[in-house]
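The values are calculated or read from the model by the stated rules, or taken from the named source; none is laboratory data. These figures come from a predicted structure and were not determined experimentally. Glycine also receives a Cβ, built like all others from the backbone with ideal geometry; neighbour counts cover every protein chain displayed.
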Amino acid sequence: MSKELENALEKDFIKQLESLEYEYVSIKNEDDLLVNLKKQLEIHNNITLTKDEFRKVLNHLNQGGVVSRAKVLRDRFNLKRDDGTSELIEFFNMEKWCQNEYQVTV
């Protein structure tokens, strides 16, 4: 398969996903990925995370293998906030999954 054909297929696929209301995001490196993850978690949970709180979330997500991480993503995380309060962080809406936000990037 030529590189040009592969590129055209990729662009068509992205257009299809965007037509299904996937949001296109530009992610060039790990920093972009983490900024986007923090933003999406804040939107999904209607909160603002400090750097330390986000670090705790990342530490929680970065445990175990693929199977255990999949379970972690389906569960909620009881985050101890910097002010001493607790907040349940949800990574996906498991009950109304169609209300989750979806994104695509290359």
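Structure values in brief
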{"quantity": "Flag for GLU42 being under 19 Å from GLU101 (Cβ atoms) and touching a Leu at 6+ places or on another chain (Cβ under 7 Å)", "calculated": "yes"}
{"quantity": "Any chance GLN103 is in contact with an Asp or Glu (Cβ under 8 Å, 6 or more places away or on another chain) and surrounded by 14 or more Cβ atoms within 10 Å (Cβ to Cβ)", "calculated": "no"}
{"quantity": "Subset of region 50-59 (residues that are in contact (Cβ under 8 Å) with a residue 24 or more places away in the chain and either more than 12 Å from PHE91 (Cα to Cα) or not hydrophobic (A, V, I, L, M, F, W, C) (or both))", "calculated": "THR50, ASP52, GLU53, LYS56"}
{"quantity": "Residue selected from region 73-100 under the condition out of contact with any Phe, Trp or Tyr (no Cβ under 8 Å at 6 or more places or on another chain) and of a type in the set (A, V, I, L, M, F, W, C), by the criterion surrounded by the most Cβ atoms within 10 Å (Cβ to Cβ)", "calculated": "LEU79"}
{"quantity": "Where VAL67 falls short, out of the listed (1) hydrophobic (A, V, I, L, M, F, W, C); (2) within 21 Å of ILE89 (Cα to Cα); (3) under 12 Å from the mean Cα position of the chain (by Cα)", "calculated": "(3)"}
{"quantity": "Tally of residues being modelled with pLDDT of 95 or more, more than 16 Å from LEU41 (Cβ to Cβ) and within 17 Å of the chain's Cα centre (by Cα) across region 70-90", "calculated": "0"}
{"quantity": "Cβ-Cβ under 7 Å pairs, at least 6 apart or on other chains, region 25-47 side β-branched (Val, Ile, Thr), far side surrounded by fewer than 16 Cβ atoms within 10 Å (Cβ to Cβ) and modelled with pLDDT under 95", "calculated": "VAL25/GLN103; VAL25/THR105; ILE27/THR105"}
{"quantity": "Test: residue in region 37-57 that is among the hydrophobic types (A, V, I, L, M, F, W, C) and within 22 Å of ILE14 (Cα to Cα)", "calculated": "yes"}
{"quantity": "Criterion violated by ILE14 - all others in (1) farther than 21 Å from LEU88 by Cβ; (2) within 13 Å of the chain's Cα centre (by Cα); (3) in contact (Cβ under 8 Å) with a residue 40 or more places away in the chain satisfied", "calculated": "(2)"}
